[in-house]
Amino acid sequence: MQAVAAAELKQIFLNDIYAIPDGERINQCQQCGTCSSSCPTAARMDFSPREIIAALRAGLLDRVLESNTVWMCSSCYSCTVRCPAGIKFTDVMYELKRLGSRYGYINRKSTTAQMARVFVKTVDRTGRSNEGELMFRYFMATNPLKGLGKLGLSLKLLLKNRLPLRTHRIKQRESLKKMIAEAEKGA
Amino acid sequence: MIAPSKNTYTYYPGCSQSATNKAYDISCRNVARVLGIELLELDDWNCCGATAYTAIREHRSFVLSARNLALAEKQGRDLVTACAGCYLSLHKANKYFGEDPKLRGNIRRALQAGGEDYNGGIKVRHILDVLVNDLGEEVISQHVVRKFEGLKVAPYYGCQITRPFGDIDDPEFPDVMGRMMRWVGAVPVDFAMMTKCCGGMLMITQPEVGQELVGEILRQAKLSGADCISTACPLCQINLEAYQRKVSRQLAADCSIPVLYFTQLLGLALGLEPEQVALGDNLTPAEAILAARSE
């Protein structure tokens with residue numbers, strides 16, 4: 001994790017967002033709130049999507065990233081298809097998730113961020129997302145007791161042959177590793 | 001290279017369809033077989049770089065998708081998947097690859113480091129799009145042997161098939177699944193929640209949020225008078241069916257309703273046996289309602 005002052009976050013974020021196709025449209029936001037009213041989880045966020053852009057302009061991105069906000073986004077793309085300014089807000093949310101993860105501005109309580117970390121680890125190692133392993137590692141990393149609460153559902157799925165215990169791996173794992181290493185250089 | 005043929009596609013099963021949602025994979029392959037579509041599985045495919053991966057490693061997630069595209073390009077056919085999440089990851093990476101020269105350069109360098117390359121030569125398709133738009137009513141109707149007359153179906157699209165690009169159907173008011181349901185005699189009901197999010201992974205990481213979203217979808221499906229829900233996404237399917245008892249208790253309303261893959265309904269209409277669409281894998285039994293409505 002790289003250290004960076006809160007005041008620098010805005011510029012880093014804007015540079016990153018301008019690198020995405022149509023990223024510069026973020027400057028066209030006129031605070032109409034269509035994103036927030038379309039968002040299925042906005043009511044659960046400390047900053048609604050509209051407020052995120054207002055906070056960005058006010059230089060308060062660190063507060064947004066450390067609040068219960070970006071990891072509540074489920075990537076449903078409702079905001080993206082409705083934004084009258086053509087802002088790809090789901091991509092903005094993805095960018096904010098990465099910004100916070102990279103520079104350590106993150107809501108410590110967000111288990112969704114932990115899920116993402118476990119997911120990336122599993123896929124990098126095997127080339128596949130192995131759901132059984134993913135759930136096991138996620139609950140071990142967050143709250144094993146909650147994992148126990150899933151035993152009923154796990155058993156039901158197991159009986160239906162829907163809970164694979166075998167780990168799927170791709171054959172060309174070495175080749176994939178080289179790709180991932182090279183991709184990190186370009187990121 | 002195998003010559004591209006109209007009814008042959010390279011098939012990308014996806015991780016979920018190989019594990020918790022095999023019923024989708026099984027029913028999809030069998031439906032294709034009956035309709036004369038050849039789905040040839042992509043050899044050594046890897047994770048598409050789904051939402052949870054993109055969230056912290058976007059660049060790498062594009063490379064994951066692009067490796068699949070590179071492998072598929074060698075086969076010279078379009079890449080078809082049934083998973084809504086895989087469809088969007090692969091499709092989005094393919095689109096951005098085509099639109100953004102800098103990103104394209106970075107992706108190609110990463111692929112080349114692992115001995116592969118991609119030139120942007122294939123399309124990514126969802127199986128629903130292939131069935132409705134490539135085959136269409138005429139071909140599918142010819143193969144229907146059992147109609148579900150009057151079966152009321154709530155078509156549930158979720159997010160990642162129509163959004164954000166809207167190139168299969170309208171992102172707000174899709175009808176592609178509804179049309180197919182009419183071809184098998186079923187009646188798609190007006191369903192206000194058809195494109196509302198089920199919460200996806202939030203069902204695991206923020207269960208109270210996931211259950212609230214799923215509860216509203218199920219409640220509205222019941223209010224619409226539907227006999228069952230039809231989905232085209234593995235994560236939607238499991239979210240909508242696995243928590244019905246919990247959600248019913250929370251809302252103090254009966255939210256139990258069978259949740260089927262659209263390929264299961266279509267497959268049965270095409271004369272497949274329940275085992276051939278893995279109907280027994282579903283946690284919400286649909287046999288009774290289907291038997292009552294079939295002729």
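The values are calculated or read from the model by the stated rules, or taken from the named source; none is laboratory data. Just so it is clear, the structure is predicted and the values come from calculations on it, not from any experiment. Note that we place each Cβ from the backbone using ideal geometry, even for glycine, and neighbour counts take in every protein chain shown.
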Of a type in the set (Asp, Glu), surrounded by fewer than 24 Cβ atoms within 10 Å (Cβ to Cβ) and more than 9 Å from chain B (Cβ to nearest Cβ): which single residue out of A:133, A:95 fits that description? A:133
Picking from B:135, B:131, which residue would you name as being away from every other protein chain (no Cβ under 14 Å) and crowded, with 21+ Cβ neighbours inside 10 Å? B:131
Would you check if residue B:115 is within 11 Å of chain A (Cβ to nearest Cβ), free of Cβ contacts under 8 Å to residues at least 12 places away in the same chain, assigned to a loop (DSSP other than H, G, I, E, B) and more than 22 Å from the chain's Cα centre (by Cα)? yes
Among the residues in the stretch B:244-260, are any in contact (Cβ under 8 Å) with a residue 24 or more places away in the chain, under 17 Å from the mean Cα position of the chain (by Cα) and part of a strand (DSSP E or B)? yes
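Each row is one residue, and each column tells you yes or no for (1) within 14 Å of chain A (Cβ to nearest Cβ); (2) of a type in the set (A, V, I, L, M); (3) out of contact with any Gly (no Cβ under 8 Å at 6 or more places or on another chain).
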position	(1), (2), (3)
B:251	no, yes, no
B:256	no, no, yes
B:259	yes, yes, yes
B:280	yes, no, yes
B:289	no, yes, yes
I'm trying to understand the selection: among the residues of the stretch B:92-112, which are in a loop (DSSP other than H, G, I, E, B) and loosely packed, with under 15 Cβ neighbours inside 10 Å? none
Can you find a residue that is more than 13 Å from chain A (Cβ to nearest Cβ), without any contact (Cβ under 8 Å) to a residue 24 or more places away in the chain and under 23 Å from residue B:230 (Cβ atoms) anywhere in the stretch B:31-48? yes
Quick check on residue B:204: is it within 14 Å of chain A (Cβ to nearest Cβ), assigned to a helix (DSSP H, G or I) and at pLDDT below 95? yes
Those residues of the stretch B:143-198 that are more than 14 Å from chain A (Cβ to nearest Cβ) and under 21 Å from residue B:290 (Cα atoms) come to a total of 28
